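Shown next, in structure tokens, is the structure this report addresses.
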Amino acid sequence: MTTVTDTLVIGGGSAGLFAALRAAAHGSVIVLEAGRDGGDPPPHWALYEYALPDAYYHRYTDLASGQVMPQGRGLGGGSTVNSAAALRGQPWCYDSWGVPGWGWDDVLPALNAIESDQQFGGRPYHGDAGLIPITRLAPGPLDEAVFAWCDAAGYPAIADHNEPGALGHAVWTTNRRDGGRWGTWAGVAPAARAAGAEIRPDTTATRLIFDGTRCTGAEATSAGETEVITAGRVIVCAGAYGTPELLLRSGVGPRDVLGALGVAPVSVLAGVGANVMDHPWCLLNVDVRDAGMIEARPVSGALLRYELDDPAAGHVEAEIFPWQLRPYDLTSPPTTIAFTAALMAPRSRGSFTLTPDGRELRVGLLTDDADAAHMVTIVRETAAMIDGLAKDGVVTVPDGAWWQAGEDAELTAACRRVVGTYNHHSGTCRMGDPGAADTVVAPDLSVLGTTGLYVADSSVLPVIPRANTNLISMAIGYRAPSLAI
Ligand SMILES: Cc1cc2nc3c(=O)[nH]c(=O)nc-3n(C[C@H](O)[C@H](O)[C@H](O)COP(=O)(O)OP(=O)(O)OC[C@H]3O[C@@H](n4cnc5c(N)ncnc54)[C@H](O)[C@@H]3O)c2cc1C
């Protein structure tokens, strides 16, 4: 069976649903989503729960550490399973890319257009009419204790973490409505459908179809049936690993990988699957004196953002924030709090590829020595915060905690042992100068060496911003149709 559409969007996640909504203004749109569609409006659990059923994740394994790296699966993609932490990053994140059309002044209009900021929507660097509500929840007693420690340590209080250039302490910016996570399933899918986009859940694109180097559509399977969808243009929004996997299966990627897979090359691009990026985090778990000090809600309380004193390294931004483990791990006692030490400007890079035996992912967290040294500094500051709170009787620290390693070398080894993913996988189809060896997509998001094929999701990020990656992924999807059509 063959279906024809003007625009085929592959992946109905953070970027894909925005791309579909905007493409619908230019003609017919079909969205293929490998996971489920739970309907409009999303059920209560989809807004308020954080340990979701297995069906809502693609699970990848980091070969080096054995850690499982989840990715969202189902309508809304990552925005359905994430914590709704909503940061944008700093202007210098985007300006440093050096990609024409993707500096801060170019990206800001899209960041504004997708949001409706409940507190600061009237400011020139915010939007008040977009589909994603941005809000800041009231701090609880633990958050207030963290703020008091930050004040005493000399960190400035700020009102809005998304004010350009802001560094200091405030409650998280979050994408929530009535306290519930409001991603693209809740916020964008209804509008995309109303605009005419046809969303097909439980449908996986298995390969792109080319006529020479022109992408003419995709083959997809659903419930054991295979279908060919012919399209005027194809926008791949399958996420940081789904996108390179589909390109590799379709003949777009490094020559040796395609050769080993037995796939005829359409466009030989060394950068497909390279440049894996993520923010490394180390968790310092303690117990809060009583569970009433922190609400049973995920990341949404106090957040400290600051830069390390290493100007030569350029804006080495760090985050420290507490959150309750229980919403994610229902077996965790309600008093257990993770203080996160996160490095937001990592240099480490990993890789993702396919072999005849399957996927090979190496995320590479803290493999760069400078990253490891920076993480040690951030962990020491987090430990100082915890010790201050312990002195005030707010938290208790377990004996022999891993971060109490004395020497830098010992703590470096400990950080490398415990480091985990902040779930911000990106960069596997990097956007950039078409003449550079590792570029996969041009600044207009077209895949090099092809026509009619675009990538628009977290995989195009050339360098990961100093922020959680949901809002920028949405903004990339939002911008894609105006660049591609
Ligand atoms: C557990 C977790 C927590 C996170 N927490 C936060 C947070 O609090 N704040 C934040 O800003 N960011 C967070 N992130 C990151 C953020 O959600 C992602 O960066 C963002 O959702 C990526 O958007 P995307 O459009 O690139 O991909 P996704 O949103 O992952 O969308 C890709 C979609 O494509 C589908 N797909 C894949 N392959 C195919 C195929 N072959 N055919 C059809 N469909 C396919 C997938 O099922 C998925 O729905 C988190 C991520 C995770 C996994």
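The values are calculated or read from the model by the stated rules, or taken from the named source; none is laboratory data. If you're wondering where the values come from, they're calculated on a predicted model, not measured in any experiment. A quick note on method: Cβ atoms are made from the backbone with ideal geometry, for glycine too, and the neighbour counts reach across all protein chains shown. With ligands, DNA and RNA removed, areas are computed over all heavy atoms of the protein, side chains included. Shrake-Rupley method; radii C 1.70, N 1.55, O 1.52, S 1.80 Å.
Structure notes:
- Residue within segment 26-42 that is aliphatic (A, V, I, L, M), farther than 25 Å from Thr226 by Cα and within 13 Å of the ligand (Cβ to nearest atom) present: no
- Picking from residues in segment 299-321 that are surrounded by 23 or more Cβ atoms within 10 Å (Cβ to Cβ) and in a loop (DSSP other than H, G, I, E, B), the one that is nearest to the chain's Cα centre (by Cα) is Ser300.
- Restricted to segment 395-413, and to residues there that are open to solvent by 10 Å² or more (accessible area, probe 1.4 Å) and of a type in the set (Val, Ile, Thr), the residue that is nearest to Pro311 (Cα to Cα) is Thr412.
- Condition met for Gly239 (within 16 Å of Thr353 (Cα to Cα) and within 16 Å of the ligand (Cβ to nearest atom)): yes
- Within segment 217-229, residues that are under 15 Å from Val31 (Cβ atoms) sit with their Cβ atoms under 6 Å from residues that are within 11 Å of the ligand (Cβ to nearest atom) and of a type in the set (D, E, K, R), at 6+ positions apart or across chains, in these pairs: Ser222/Asp202.
- Residue within segment 152-159 that is touching a strand residue (DSSP E or B) at 6+ places or on another chain (Cβ under 8 Å), in the same structural domain as Gln71 (by TED's automatic domain parsing) and among the small types (Gly, Ala, Ser) present: no
- In segment 135-215, counting only helices (runs of 4 or more DSSP H) that sit wholly within it, the ones holding 2 or more residues that are within 16 Å of the ligand (Cβ to nearest atom) and buried (at least 24 other Cβ atoms within 10 Å of the Cβ) span 184-187, 189-194.
- Scan of segment 193-233 for residues that are more than 22 Å from Gly452 (Cα to Cα) and either within 25 Å of the chain's Cα centre (by Cα) or outside the structural domain of Arg249 (by TED's automatic domain parsing) (or both), ordered by number: Arg193, Pro201, Asp202
- Being under 30 Å from Glu225 (Cβ atoms) and touching a Phe, Trp or Tyr at 6+ places or on another chain (Cβ under 7 Å) is not true of Tyr56.
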